[in-house]
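The values are calculated or read from the model by the stated rules, or taken from the named source; none is laboratory data. Please read all numbers here as calculations on a predicted model, not as lab measurements. Methodologically, a virtual Cβ is constructed for each residue, glycine included, from the backbone with ideal geometry; neighbour enumeration extends over all protein chains shown.
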């Protein structure tokens, strides 16, 4: 005689009595199976949850790299090379293409000699009201920078020789207008060393049809030079009193220097560029930052160039960055240190609250 393994009653055959069998009760083996099935379900659910979290984390991290990873890409500690970035704006689909040109530099026929000092002095005397001492000092700087290869190309040399730096320094420093040095212009800002201006301008490789964006108008000297090279110059300044002073200066000089009419000015945070008039063929940043702002890369046309001082406070390196599209439709930014490792010092790139980026 056996005992039912469910209820314990005596059974003649088997191990389950007729009553337990009729109720479908299979005893402890069923509960064990249920426990096993429940455990399996918990493990499976946990694995699915882990997989979901992994995929979500990977997607989020990838998006972060695409949008914010540009900061690490542009550290000056890296060697120059090609780096993939998000594609920017391409094509002439902006208001810039429809802007009227106030003064077309391509129609200029009366140009100064740039190889002969006496011819240059004579031309400047006949065509400007500038003082001969300043003109001579400007020629001296240009000659020095041509020899050092910081000023390269006839158009860039001419632009440098036609721009009166004495108008863009402050009166207390006017006697030092052609010193090979930066000078204070108030509001915590400076006018950049003329040799750095020459090198950065040369590195932009500007043609008359190029749309050129400058971040950091400052005294206006850099944009004044750019206006001799391009019909479309856009400049952003974030310091309100400085922007006002420079705007008034440009306006006062337009009659004698008509190319300044082609300089479009705006008071704003240059970090975000000037999307209304993008894409830009050339972008120049004239304040120090450790990375190129992503909006500026996106607003740069394919095959466009950015020139900027990159690096930590007080120690930047002038980098030329060219944006190109690869055969597989990816975008890369190829960099070159234009000063071959020599550092410079620019004022910080600041936001509207005065905080450095």
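Residue 322 meets the conditions (1) assigned to a loop (DSSP other than H, G, I, E, B); (2) at negative phi; (3) without any contact (Cβ under 8 Å) to a residue 24 or more places away in the chain in every case but one. The failed one is (1).
Restricting 306, 297, 285 to those that are within 14 Å of the chain's Cα centre (by Cα), farther than 19 Å from residue 223 by Cβ and surrounded by 23 or more Cβ atoms within 10 Å (Cβ to Cβ) reduces the list to 297. Just one residue in the set 330, 353 is modelled with pLDDT under 95 and not assigned by TED's automatic domain parsing to the domain that holds residue 182; that residue is 353. Of the residues making up region 271-290, those that are assigned to a strand (DSSP E or B) and either out of contact with any helix residue (DSSP H, G or I) (no Cβ under 8 Å at 6 or more places or on another chain) or within 18 Å of residue 100 (Cα to Cα) (or both) are 280, 281, 288, 289.
Looking for something in a helix (DSSP H, G or I) and either farther than 13 Å from residue 145 by Cβ or in contact with a strand residue (DSSP E or B) (Cβ under 6 Å, 6 or more places away or on another chain) (or both) - is there at least one such residue anywhere in region 183-192?
Looking only at region 183-192, we keep the residues that are in a helix (DSSP H, G or I), and these are none.
Looking for residues that are in a helix (DSSP H, G or I) and either farther than 13 Å from residue 145 by Cβ or in contact with a strand residue (DSSP E or B) (Cβ under 6 Å, 6 or more places away or on another chain) (or both), one finds none in region 183-192, hence no.
Taking the conditions (1) more than 16 Å from residue 215 (Cβ to Cβ); (2) crowded, with 16+ Cβ neighbours inside 10 Å in turn, residue 312 satisfies each one other than (2).
For region 318-338, what are the residues that are buried (at least 19 other Cβ atoms within 10 Å of the Cβ) and within 21 Å of residue 286 (Cβ to Cβ)? If the condition is that a residue be buried (at least 19 other Cβ atoms within 10 Å of the Cβ) and within 21 Å of residue 286 (Cβ to Cβ), then 318, 319, 320, 321, 323, 333, 335 are the ones that fit. Screening 267, 242, 249, 300 for residues that are more than 23 Å from residue 343 (Cα to Cα) and in contact with a helix residue (DSSP H, G or I) (Cβ under 6 Å, 6 or more places away or on another chain) leaves exactly one candidate, 267. Evaluating residue 176 against the criteria (1) free of Cβ contacts under 8 Å to residues at least 24 places away in the same chain; (2) out of contact with any strand residue (DSSP E or B) (no Cβ under 7 Å at 6 or more places or on another chain) leaves one unmet condition, (2).
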